[in-house]
1. Pop the C-beta distance of ASP170 and ALA211 into the FRET formula with R0 = 25 Å and round what comes out to the nearest 0.05.
2. Between VAL42 and ASP67, how high is the FRET efficiency from 1/(1 + (r/R0)^6) when r is the Cβ-Cβ distance and R₀ = 35 Å? Nearest 0.05.
3. Which percent, nearest 5, of DSSP beta bridges in the chain are antiparallel?
4. Please find, in a Gaussian network model of the chain (springs between Cα atoms separated by less than 10 Å), the residue of GLY78, GLY168, GLY193 whose mean-square fluctuation is greatest.
5. Using +1 on the beta carbon of Lys and Arg, -1 on that of Asp and Glu, and nothing else charged, what's the dipole of the range 81-200 about the Cα centre, debye to 20?
6. Who wins for biggest fluctuation among ALA163, ALA74, ALA36 in a Gaussian network model of the chain, springs between alpha carbons below 10 Å?
7. Where both residues lie in the range 140-235, what percent of DSSP beta bridges are antiparallel, nearest 5?
8. If I take every Cα pair under 8 Å that is 6 or more residues apart in the chain, average their sequence separation and divide by the length, what percent do I get for the relative contact order?
Amino acid sequence: MGQELIEIATVEERLSRARAALEAVRPSAALRAAEAEHAELVQRVAALEAERREVEGRIAALESQRDELGERLARLRGQGDHAGFRDQSRLEAESTMVRSRLEELDEAELEAMEERDSVVASLDEVTAQRDAVGGTVAELRAALDVEREQRREAVRTAEAAWAEALAGLDPGLRARIEARAKRGRALALSIAGRCSACHMELSGAVLGAVAAGRDVDCESCGAWLVGEGLAGGGL
Ligand SMILES: [Zn+2]
């Protein structure tokens, strides 16, 4: 039975390592950095879009003011055509004021348009950056998914090997191992004086029991110890 148990413990050891390797799959530092950069760029794009809307709103308001003044100027001209001499100079003065206001509006609109062009240029640049970093994030995530799937496959293979190893056992022994496996590690190897499950150093008494082929559990993790015992020279 000793050799059989060592084989089962070895299969369980592989299963345990495969599970630990799957657990250990984590986003790389590069992925985390790219995700953080992407999130920041998404925010900057949103801020620039808001800025662009604000400037465009301002331009639209200036245009509407200019249209109103243009209409007013046309009305003043119409009135001037039919006004008496006394009203002419008043209308002339008002027209001058409206024209001067129109010039101010033109200037303000020109400035706002330059501002909009500059915001649009920044927006294009930051959007391109966001898309490039987004591409990097997608690639790194895909690579992570591939790695995780490979390790998942390794776990499935190890689980199948474990099931196959148990299938060949005497039913009593099998039930005993399965009951232990439900609580954690069922079996562990004694390798070089240490438990292969928890890596704690085994006491001389435990190693002696393993070497003698007696049933003994790791004092630290409770796994059923099998294997080389004292022959490992762990003392
Ligand atoms: Zn242990």
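Here, each number is a calculation from the coordinates, and none is a lab measurement. This one's a predicted model, so the numbers in the text were calculated from it and none came from an experiment. All Cβ positions, even for glycine, are placed from backbone atoms using ideal geometry, and neighbour counts span all protein chains on display.
1. Numbers: r = 23 Å, r/R0 = 0.93.
Using R0 = 25 Å, I get an efficiency of 0.60.
2. Numbers: r = 38 Å, r/R0 = 1.07.
Rounded to the nearest 0.05, the efficiency is 0.40.
3. Numbers: 4 of 8 bridges.
Bridges in the chain that DSSP calls antiparallel: roughly 50 percent.
4. GLY78
5. Numbers: 18 positive and 25 negative charges, 521 e Å.
It works out to roughly 2500 debye.
6. ALA74
7. Working: 4 of 8 bridges.
Percent antiparallel among DSSP bridges in the range 140-235 is about 50.
8. Working: 228 pairs, mean separation 65.6, N = 235.
Contact order relative to length: 28 percent.
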